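Colleague: To start, I am sharing the structure in question, which I have written as structure tokens.
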């Protein structure tokens, strides 16, 4: 499946579409469809970018 999160870079802020209660997280890395995000309410989470499209927060 296409990586719809390929534009995400470390430092960008995102939300998980199914876990809004995790808060706004900061991207730590984006390597081979594995996006590590540090969320204030969930800690560091590795997300499969081929399955979940994160919401970019401007």
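Readers should treat all values here as calculations from the given coordinates under stated rules, not as data from a laboratory. Quick caveat: nothing in here was measured; it's all calculated off a predicted structure. Cβ: placed from backbone, ideal geometry, glycine included. Neighbour counts: every protein chain shown.
Colleague: I'm trying to understand the selection: among the residues of the range 46-58, which are within 8 Å of the chain's Cα centre (by Cα), in a strand (DSSP E or B) and surrounded by 13 or more Cβ atoms within 10 Å (Cβ to Cβ)?
Modeller: Once the filter is applied, which keeps residues that are within 8 Å of the chain's Cα centre (by Cα), in a strand (DSSP E or B) and surrounded by 13 or more Cβ atoms within 10 Å (Cβ to Cβ), the range 46-58 yields only 47.
Colleague: Let me ask something else. How many of the residues in the range 11-41 are in contact (Cβ under 8 Å) with a residue 12 or more places away in the chain, out of contact with any helix residue (DSSP H, G or I) (no Cβ under 9 Å at 6 or more places or on another chain) and surrounded by 12 or more Cβ atoms within 10 Å (Cβ to Cβ)?
Modeller: Residues in the range 11-41 being in contact (Cβ under 8 Å) with a residue 12 or more places away in the chain, out of contact with any helix residue (DSSP H, G or I) (no Cβ under 9 Å at 6 or more places or on another chain) and surrounded by 12 or more Cβ atoms within 10 Å (Cβ to Cβ): 17 in total.
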